[in-house]
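Reviewing the structure listed below.
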Amino acid sequence: MCFAFALMPALGSAAELRLANGDFEAGLAGWRPLYARQAGAGRAELDPAAVHAGRHAARLEHTGTEDWAFETADRFAVEAGDVIELSAWLNVERATEVQLCVSTWTGDNRAVSWSFGAQSARPKTGWQAVRCRIVVPRGVARIQPRVLGHGPALLRVDDVGLERKANVWASRPKDFPATFSLRNDLLELTVNTADATFAVRDRRTQRPWVQQSLDSGCILKSATKTAGGLELALWHAPTGLDVTATLQLEANVPEFTVTLAAQGAMPSALVFPQPFAGEPGDYLVVPVNEGISYPVDDPAIAPMKLIAYGGHGICMAFWGLTDGDRGQMAILETPDDVSIRIDRLNQRLAVAPSWEGQRAEFGYARRLRYVFFDHGGHVAMAKRYRRHAQQIGIFKTLEEKRRVNPNVERLIGAVNVWCWDKGSLNIVQELQAAGIERILWSNRQSPADIAAMNARGVLTSRYDIYQDVMDPANFNRLRGVHSDWTTAAWPQDIMLDRNGTWIKGWGVTAKDGAMLPCGVTCDSRAVGYAKERIPAELATHPYLGRFIDTTTASPWRECYSPEHPMTRTESKRWKMELLRYVSEDNRMVTGCETGHDASVPYLHFFEGMMSLGSYRVPDAGRQMQQILTEVPERVAKFQLGQNYRLPLWELVFHECTVSYWYWGDYNNKLPALWDKRDLFNVLYGTPPMFMFTRAYWAEHRARFVASYQNTCPIVREVATAEMIDHRFLTASRDVQQTAFANGVAVTVNFGAAPHRLTSGETIPPLGYRVTRSRPVEPIRNP
């Protein structure tokens, strides 16, 4: 059975919403002065020289570092369900990002949103048309068009238009059903036709899981029941796309899938399905690096967007919501062009997928899977994702990798050491003599020293990079030229954005203090440069390992060069081919920055997985060797906060890769938190990272040795075993326990008071206990 309706035009609406002086031919009448949070930092004026049409445009200039806004003097009356289109021509000369949007207001003039329906414009030569299309949410009575941004900007605005296109509620037939439902033995799924939200009742626990609308502009036009499923015809107001959403409820498991299909241009993201709302006491489960939990009612957490296509987002393609036992998760089965949005709805955090265009088109069908749990919390979610990783072929253990490359054995339980002082071989000898036996030495050395370290059992490695490339014309402005830049790539092999502008990479400080950006070598060209560099070096320098910077940290990127165009999916494929070439063809124990699950089959270790990217110490990528005596609040609360952290990566991939801290965020970076970092290492079964000068090593030798001895023997014992469980043994989360498939269990007390175990043993503050029992079968969740 199919129910449908059509969106009908709103008669006479253009006159109602006529925006006066949108072409600025009457000066700046009808517009407010440019608002700048920093007084005197911005101004709006007429520009007769650079116009889109007519005699004038508005010229906006902002010199401050905070936000700014340029808006109409009037607010326009609207009704819930109105489809409104705001359009403008923008000429953005310089700015990080400019947005065209509306602010929304209640009938008694209370602001609801300051940037509803925002559409972005970036610097581009010439004029660009920007269009913002919204569906007015319930409770909104007025809108106010605006152009806004953040930081320094220079741009021009012309020919602003505002029009009501239709009203979705007036077009809806009176007999259109309020809901559609599907059910199996475990779940009951209901679709609310008013806002296209889902409600799920878990029939095992009777807990309802209900979505809330983000007012993302998805209008349900029709619904058709199919065998075991439901086909929804949606209209996405911001893009104008007709989207088919197919819901398929699995027959015998508590899961259903949502597949989205459409054809046409996709100038903005599509947010669908809507986010499931949590209840007090629930927490979000988010795989940021190792993993983090966000209590849904925690006011300290700001809304954020996290890409799924790079290590500085979510490192595994899922998120979840749980009360600690019952829960639900979403697995992104097509993760290459999607982000997740963490928003605050009714004062609680919630997560929704934000599907992005493939080279500005909708492209291929998008798919995600919802899974519901009657028990198990975040551990059950991780184990379900582990099964997904195995099914799609990205699961490969260290044991499998060791059989191919015996040098992987040297990585097991090895501390990662960064030291740039001369006489590295002597330092290694001192470390080993002091009891620090297993070492990943990460700085480049002479052939003789490499051979000598290899003979001592050290895993010798060095830094390398195939992303950043500096324009050779800037070399004379720099203090030095990086020997690992792929200079030959400039300019023919660098990546271009859709405007034909080269993409900016790492910034380098020039002699005069200016920041000069590198370009980004196209991923499809990087493998060729590695083939030129690595075998030639290995012929004289017998390294056993290599650290490839940025490849998994930086996003999969689209390239618009006519010589080497690329989608994000192709970018990912070339990035993985680079890592495969290094690790397999050159038989190198290979690591990369931050980490992402797409690279698990090719890599052995990650630098940065233990460090939650958003909460590292400030400037960790530049001031690596600086030891900090004062602990930043965000680092203490989140990075080393037992109340927030989760070992999600280890629960999925522990026996597949080795996770280290970031190289500017290592164990001894903050001496006040050194003990706590060691505790997380032993709890997660991951080795530490040290960075020091020879003088610092000599001064703190005993502390370094203690850090190694407290962690690495246990890490070595569990490195190739699955982490089967993680538990909070106290409500405060101060006492936590992990268990591994080989029978080892680690209990850690992060708290300030002793904790008495059920066995009668007491764990002191900042202490731990290790117990061993017979190996157990891993928990298998349905």
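The values are calculated or read from the model by the stated rules, or taken from the named source; none is laboratory data. These figures come from a predicted structure and were not determined experimentally. Please note: Cβ atoms are built from the backbone with ideal geometry, for glycine as well, and neighbour counts cover all protein chains shown. What goes into the accessible areas is simple: the full protein's heavy atoms, side chains included, and nothing from ligands, DNA or RNA. Shrake-Rupley method; radii C 1.70, N 1.55, O 1.52, S 1.80 Å.
What does the convex hull of the Cα atoms come to per residue for the range 416-575, in Å³?
134 Å³
Would you indicate which of [x] 131, 75, 63; [y] 86, 69, 47; [z] 104, 59, 50 is the value of Cα extents along the principal axes in Å derived from the coordinates of this structure?
Looking at Cα extents along the principal axes in Å for this model, the match is [y].
How big is the range 619-774 by Rg and Dmax over its Cα atoms, in Å?
Rg, Dmax (Cα atoms, Å): 15.5, 47.
Pop out the ³J(HN,Hα) list for the range 126-137 in order, Karplus 6.51 cos²θ - 1.76 cosθ + 1.60 with θ = phi - 60°, rounded to Hz; leave Gly and Pro as x.
x, 7, 9, 7, 10, 10, 10, 10, 10, 10, 5, x
Can you compute the helix-only [θ] at 222 nm over the chain? Use -39500 (n - 2.57) per DSSP H run of at least 4 residues, normalise by all residues, nearest 500 deg cm²/dmol.
Using -39500 (n - 2.57) per qualifying helix, the result is -4500 deg cm²/dmol.
Express in Å², to the nearest 10, the accessible area of Ser222 obtained by rolling a 1.4 Å probe over the protein heavy atoms while all chains stay in place.
20 Å²
Please compute the volume of the convex hull spanned by the alpha-carbon atoms of the range 543-638 and report it per residue in Å³.
Cα-based convex hull of the range 543-638, divided per residue, equals 137 Å³.
Is there a quick way to get the dipole size of the range 406-514? I mean about its Cα centre, with the Cβ of Lys and Arg at +1 and of Asp and Glu at -1; what is the value in debye to the nearest 20?
Around 120 debye, computed over the range 406-514.
Select from Ala526, Met515, Pro542 the residue farthest towards the positive end of the dipole of the range 511-577; place +1 on Cβ of Lys and Arg, -1 on Cβ of Asp and Glu, and compute about the Cα centre.
Pro542
Under a point-charge model restricted to the Cβ atoms of Lys and Arg (+1) and Asp and Glu (-1), what is the dipole moment magnitude of the range 34-154 relative to its Cα centre, in debye to the nearest 20?
140 debye
Output the peptides 441-451, 695-705 sorted from most to least packed, where packing is the average of other Cβ atoms within 10 Å over each peptide's residues.
So the peptides 441-451, 695-705, ranked by packing, come out 441-451, 695-705.
Hey, can you find the accessible area per residue of the range 223-307 for me, probe 1.4 Å, expressed in square angstrom?
32 Å²
Using a Förster distance of 25 Å, how high is the FRET efficiency between Ala488 and Asp585, based on the Cβ-Cβ distance and rounded to 0.05?
0.75
Taking just the alpha-carbon atoms of the range 568-706, what radius of gyration and Dmax come out, in angstrom?
Computed over the Cα atoms of the range 568-706, radius of gyration and Dmax are 16.0, 49 Å.
Which distance in Å, rounded to a whole number, links the C-alpha centroids of the range 619-679 and the range 404-435?
What the calculation gives is 21 Å, centre to centre.
Take the cross-link list Lys637/Lys676; Lys305/Lys637; Lys401/Lys575; Lys422/Lys504; Lys221/Lys572; Lys422/Lys575 and give me the ones stretching past 24 Å between alpha-carbons.
Beyond 24 Å between Cα atoms: Lys422/Lys504; Lys221/Lys572; Lys422/Lys575.
Looking at the P(r) of the range 209-284, how many percent of alpha-carbon pairs lie beyond 19 Å?
Value for the range 209-284: 45 percent of Cα pairs lie more than 19 Å apart.
Once the piece of chain linking Ala433 and Arg203 is laid out straight, how much longer is it, given 0.36 nm per residue of separation minus the C-alpha distance between them?
Length gained, Ala433 through Arg203: 76.7 nm.
In the range 48-148, which trypsin sites (Lys or Arg not before Pro) fall in coil by DSSP and have 15 or fewer other Cβ atoms within 10 Å?
Sites meeting the loop and neighbour criteria: Arg55, Arg110, Arg138.
Given a 1.4 angstrom probe, what's the average accessible area per residue across the range 75-187, in square angstrom?
Value returned for the range 75-187: 43 Å² of accessible area per residue.
What is the percent carbon and sulfur in the accessible area of the chain, measuring with a 1.4 Å probe over the protein chains and ignoring ligands?
That fraction is 51 percent.
Express in whole angstrom the spacing between the alpha-carbon centres of the range 539-591 and the range 85-111.
40 Å
Just subtract the alpha-carbon distance of Val404 and Leu757 from 0.36 nm times their residue separation and send over the number in nm, one decimal.
So the extension gain works out to 122.8 nm.
Give the Debye-formula value of log10 I(q)/I(0) at each listed q (0.15, 0.16 Å⁻¹), with one equal scatterer per alpha carbon of the range 137-288, two decimals each.
Ignoring solvent entirely, the Cα scatterers give -0.96, -1.05.
Any chance you could check the Cα centroid distance between the range 317-354 and the range 440-482 for me, in angstrom?
That distance is 40 Å.
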